[in-house]
Structures are given as structure tokens and as C-alpha cells.
1. Measure off 7 Å from each Cα along the Cα-to-Cβ vector at residue 101 and residue 135, then give the distance between these two points in nanometres to one decimal.
2. Run the paramagnetic zone check for residue 234: 7 angstrom along Cα to Cβ, then residues of region 170-205 with backbone nitrogen under 11 Å.
3. Considering only DSSP states other than H, G, I, E and B, which trypsin sites (Lys or Arg not before Pro) in region 171-234 qualify as loop sites with at most 10 other Cβ atoms within 10 Å?
4. Which whole-Hz ³J(HN,Hα) couplings does region 95-102 yield from phi under the Karplus relation 6.51 cos²θ - 1.76 cosθ + 1.60, θ = phi - 60°, glycine and proline marked x?
5. Under the 0.36 nm per residue contour assumption, what length would be gained going from the current alpha-carbon distance of residue 182 and residue 201 to full extension?
6. With +1 on the Cβ of every Lys and Arg and -1 on the Cβ of every Asp and Glu, and nothing else charged, how large is the dipole of the chain about its Cα centre, in debye rounded to the nearest 20?
7. Enumerate by residue number the trypsin sites (Lys or Arg not before Pro) in region 45-127 meeting two conditions: DSSP loop (anything except H, G, I, E, B), and at most 15 other Cβ atoms within 10 Å of the site's Cβ.
8. Can you sort 38, 190, 57 from fewest to most other Cβ atoms within 10 Å of each residue's own Cβ?
Amino acid sequence: MSGEAAPHGAVMDVMDSRQNRTLTFTDKDGSERLSVVVPQQGAEPDLGTFLWPSSVVLCQYVWTQRKKIRGLSVLELGAGVALPGVVAALCGAHVTLSDDCDRPLCLQSCRRSCEANLLQGVKVLGLRWGAVTPDLCSLPHIDIIIGSDVFYQPEDFEPLLLTVSFLLNKNPEAQFWTSYQLRSPDWSMVELLVRWKLSCHYVPLCEFGSEGSDVAQSDLPGRHSVHMMVITKL
């Protein structure tokens, strides 16, 4: 999610940012598990440094795809706390975390999450959605793009999809895995997906164990309505 100051009452929708939390992902029979630390955030948290309900849903999806992503190159957009990217890295993917280059708190949060989970070699990069910058152009091959709650504000939808479209044009076999919290039934991405020649497939939460209110022992997504999508190039 692009960072900005948290609006009044925003903490009602997120995990308490004042204390470390540990989330544990397990498979159906409990034979495999992964514990991930969500570190304490600073005294002045950015909107992008909260752990939002949709982030845990995307993490669960990444966890169920862990055999597929092992050894692949993964880029997280709007990372913030970067929990999905951290899960991907702990599952053996080669991960780059990115967030708004003008939001240093979000980039610091990415680094803090890597440190808390003893991850080394994870690159943290500042990117500006909608801008074809040298940093964007110089990214190496990408297999999977991930992003949770990046569809947060309607004015960011097109810049985000422009960036995704650019990356998928450059990496035509790649996919964009994204989860988002439904905040208004009036918001639609259909026209923008068509404009940028993108295809969207919704993944039912029940297919990867996210239909409940408490994924990975996190108390999230709670009662929030969260959707999971896989976006590809037409």
C-alpha cells in the first residue's frame, strides 16, 4: 500500500502496531508450519506500515503456493510491513520489496521486517507507481508480482495498473497476485483492466484456507470482506 498518515480510526481495521506479533502458517495436516514475526512499528506509523486484513490473506495464498515459488523471482509492490514478501522469501523465493520512494517509513518498515525474520539478501527498492523510472526499467526478470491492499484509493488504481502492465509486458509469463479489502461496491477496476490489456481471475478464499476470520492465528481478516485475484497479461 502506498504510505500516508493513518486517518482517524484506521487502527480499527488493523493489527495493533505497537507490539510484535508472530503469525503461524500451517498446512492442512499440520505437518509443515512457518512462523513469521511482524515487528513493532515506530511511534509515528505510516498508513503503509500497518498490517491490514488482506495482507494475511495474501500471505496464506503465498504459503499454499510455496513449492511453486521456491527459487522464483518475486517482487512485492506497496510492501509496507512486507509480510507477503517475507513469507515468500522464507519459502525460498528470491524477493525484492518495493514501496513509494517518497515514503521512507514504509521502506524502513520493509527492512525492519526482514531483520526481525533474519532475512538477508532481500533488496528494498523505492518505486513510484505510474512512472517508468530507471529503477523500474532495470529490474531483473520477475516471475511473480505480489501486493496486498494496493487497490486502496481509486486515484492510485491506474498508476498501479500502468506499473503492473509495464512489468507484465517485460515478463509476459509472470502473474500478479493481489488481495484487497472491499471498501465500496462502487469502485471498479474493470475498465482499467481492459485499458491496460489485463485479465483478472478471482480465487475463492476457500480454495486456500482463508475463508475464516482468523488466518494464521492473527485475528485477521476478521469480518472484513477480502478478495484474492490473479492478474495476467491478455
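1. Spacing of the two 7 Å Cα→Cβ label points: 0.5 nm.
2. Once the point is set 7 Å along Cα→Cβ of residue 234, 191-200 turn out to lie under 11 Å by backbone N, inside region 170-205.
3. Details: sites: 183, 195, 197, 223, 233; in loops: 183, 197, 223.
Taking region 171-234 and a limit of 10 other Cβ atoms within 10 Å, the loop trypsin sites (Lys or Arg not before Pro) found are 223.
4. With the stated coefficients, region 95-102 comes to 10, 10, 9, 9, 7, 4, 5, 9 Hz.
5. Numbers: separation 19, 0.36 × 19 = 6.84 nm, distance 1.61 nm.
Once the chain is fully extended between residue 182 and residue 201, it gains 5.2 nm.
6. Numbers: 19 positive and 26 negative charges, 131 e Å.
I would put it at about 640 debye.
7. On the way: sites: 66, 67, 68, 70, 111, 112, 123; in loops: 70.
Counting only loop positions with at most 15 other Cβ atoms within 10 Å, the trypsin sites (Lys or Arg not before Pro) in region 45-127 are 70.
8. On the way: 38 25, 190 8, 57 30.
Lowest to highest Cβ neighbour count: 190, 38, 57.
Since every read-out is calculated from the coordinates, none of them should be taken as a lab result. These figures come from a predicted structure and were not determined experimentally. Positions of Cβ are backbone-derived with ideal geometry, glycine not excepted, and every protein chain shown enters the neighbour counts.
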